[in-house]
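Working notes, beginning with the structure itself.
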Amino acid sequence: MEFFDGAVNKTKEVFETVSMKTSEVIATEKQKFEMSSLKAKREKDFTALGKIYFDIVKDDENASETVKVKVEDIKAKSAEIERLSKEIQSAKNKLICKNCGAGIAKNSVFCNICGAKVGEEE
Ligand SMILES: [Zn+2]
């Protein structure tokens, strides 16, 4: 019995050590998750603040050169994004019939103007 009690106590001790370490791990993982979640939220705040600031300085002649360069970078990228967006939109919606040249819906099987089959290959 003495041996058995000893073994039980030993097991209990090991269990307590393990469960303590597990809760420590859980706490650390929870903290890491909270931290990365906060970092992501802070990035969104920085971005939002940047947009507010952009609207304030975008036409400001007295802004510093560093700010003006960034404003021009953003304006150039915005123009390119708009151009690409229009290209994508028109490519999405249109397919040119090889037979009659009509603009038809991208997912058409047959041209709804001349009835020709619309496919990848002839
Ligand atoms: Zn056609």
Looking at A102, A91, A76, which one is out of contact with any helix residue (DSSP H, G or I) (no Cβ under 6 Å at 6 or more places or on another chain) and near the ligand (Cβ under 8 Å from one of its atoms)?
-> A102
Test: N9 is more than 32 Å from the chain's Cα centre (by Cα) and at pLDDT 90 or above | no
Among the residues of region 63-107, write down those that are in contact (Cβ under 8 Å) with a residue 12 or more places away in the chain and among the basic types (K, R).
-> K75, K92, K94, K98, K106
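The values are calculated or read from the model by the stated rules, or taken from the named source; none is laboratory data. A quick note: this is a predicted structure, and the numbers were derived from the prediction, not measured. Positions of Cβ are backbone-derived with ideal geometry, glycine not excepted, and every protein chain shown enters the neighbour counts.
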